[in-house]
Amino acid sequence: MEKIAVIGGGAAGMACAVLLARKGRAVTLLERGERLGRKLSATGNGQGNVTNVNMGAEYYFSDDNGKVARALSRFSASDTVAFLEDMGGIFLPDGRGRVYPAGRQASAVTDLLRREIARLNVNVVFGAQVSSLTYDGDFRLAWAGGQMRADAVVLAAGGKAAKNFGTDGSAYALAQGFGHTVTPLSPVLVQLRCDPKAVRGLKGIRADAALVLLRDGKEIYATRGDILFTESGLSGDAVFRASSYAQKGDKVVLDFLPDVDSGRIAAAAERGGMLCIVNNGLARVLAAHGRAEELCKRFELTVTGTLGFDYAQATRGGIPLKETDENLMSLKREGLFFAGEILNVDGMCGGYNLQWAFTSAFIAAEGL
Ligand SMILES: Cc1cc2nc3c(=O)[nH]c(=O)nc-3n(C[C@H](O)[C@H](O)[C@H](O)COP(=O)(O)OP(=O)(O)OC[C@H]3O[C@@H](n4cnc5c(N)ncnc54)[C@H](O)[C@@H]3O)c2cc1C
């Protein structure tokens, strides 16, 4: 029987192995670590934000959003929920469309997939960091202490973000060996570093704020949500969303009272200072920078960078979609498919990256 090797036991690789095994295909899942789905188990602050009911290519960055749209039309948010619920569990959206398992445990989502992989008798090889992938009539894969031949390969080895989960970017070389390129890589869904003077004294303070990102005075992106001041800058879900757009030198403008107009703040400040208007610690720092009652609606920070790949949730860049066909098969080597974050596709914060992992896994499995 035709042998298929899936490289990488993350969300995309596990889903692809399940879908292929259900079609009766002989699949070997190769994972460099000792467990499947370690990153999946850490997603959504441990709660597993697996997709989002507001789905569409407009939530993604890639070199071919038309292809992303067509892929999503073949396997979208409701398909992800159906795929997961078919194995067990209940998946529900929160008030902002983010879909989680009802038990709010990401590791339980991984367990669903692991259990299905075991039930389907998928051959899983741990400690198999594929370091060589070549073709001489069929594919040859090699890792320290092992090797195999395969008729087809799904490269689902992830990107460069969060290397403590086994993704250090080394797997791109496996595709480059067949002449694939890799678009410039950068960390996204990551804390922003800011001018240290601006954030001094604010570490640990949280707020629900409106955030506007400006470049050369022009608005690039605006959002509202959780902001957390850190040692070196800003975190929180609003900041993670903005990190998909931010560049060094951009300005972040925060409005800590987006629902209150300046006149009401000025009147309240005249009566009782900044007490009960914003967090006291924040008020002190704002006062050190100027008039607190004005700055609480327009606190400006300069982006000096990000915390980098090790702390990022996703990778911007990867193997271009333009180097694959509609089934995510390589245009350089027939029989080589891609799935997940290794491709040049990243989604906004809110379940979009796992949706891409599942969508691309489905597309590759169908293509095979
Ligand atoms: C902390 C954190 C929280 C996140 N939260 C969310 C969230 O809530 N919602 C969301 O949508 N996205 C979230 N993401 C992003 C999402 O987890 C990833 O985009 C997604 O897991 C990518 O799936 P993947 O299968 O392509 O890669 P990965 O899940 O990274 O899996 C790749 C696998 O390949 C293995 N591997 C690598 N190289 C090799 C090799 N040479 N040989 C064999 N195996 C190899 C790795 O060990 C790894 O197990 C989060 C990411 C992080 C880090």
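The values are calculated or read from the model by the stated rules, or taken from the named source; none is laboratory data. Keep in mind the model is a prediction, meaning the values are calculated, not measured. In this analysis, Cβ positions are derived from the backbone assuming ideal geometry, glycine residues included, and neighbour counts consider all displayed protein chains. Only protein heavy atoms, including side chains, enter the accessible area calculation; ligands, DNA and RNA are left aside. Shrake-Rupley method; radii C 1.70, N 1.55, O 1.52, S 1.80 Å.
How would you rank 257-270, 70-83, highest first, on the average number of other Cβ atoms within 10 Å across their residues? It would help to have the intermediate numbers written out before the result.
Values: 257-270: 12.9, 70-83: 18.1.
With the highest mean Cβ count within 10 Å placed first, the list reads 70-83, 257-270.
Ignoring any ligand, DNA or RNA, what whole percent of the accessible area of region 191-306 comes from carbon and sulfur when the probe is 1.4 angstrom?
Here it works out to 48 percent.
Report ³J(HN,Hα) in whole Hz for each residue of region 18-25, in order, from the Karplus equation J = 6.51 cos²θ - 1.76 cosθ + 1.60 where θ = phi - 60°; Gly and Pro get x.
For region 18-25, the Karplus-derived couplings read 4, 5, 5, 5, 5, 7, x, 7 Hz, x marking Gly and Pro.
Per residue, how big is the convex hull of the chain when only Cα atoms are used? Give it in Å³.
Once divided by residue count, the hull of the chain is 133 Å³.
Over the chain, average the accessible area per residue using a 1.4 Å probe and give it in Å², no decimals.
42
About its Cα centre, what dipole magnitude does region 191-306 give when the only charges are +1 on Lys and Arg Cβ and -1 on Asp and Glu Cβ, stated in debye to the nearest 20?
Once rounded to the nearest 20, the dipole reads 280 debye.
If Rh is defined by the Kirkwood formula over all Cα pairs and Rg also comes from Cα, what ratio Rg/Rh do you get for region 191-306?
Values: Rg = 13.4 Å, Rh = 14.1 Å.
Dividing the radius of gyration by the Kirkwood radius yields 0.95.
Of the listed peptides 115-124, 229-238, what is their order by residue-averaged count of other C-beta atoms within 10 Å, with the highest listed first?
Per-residue mean Cβ counts within 10 Å order the peptides as 229-238, 115-124.
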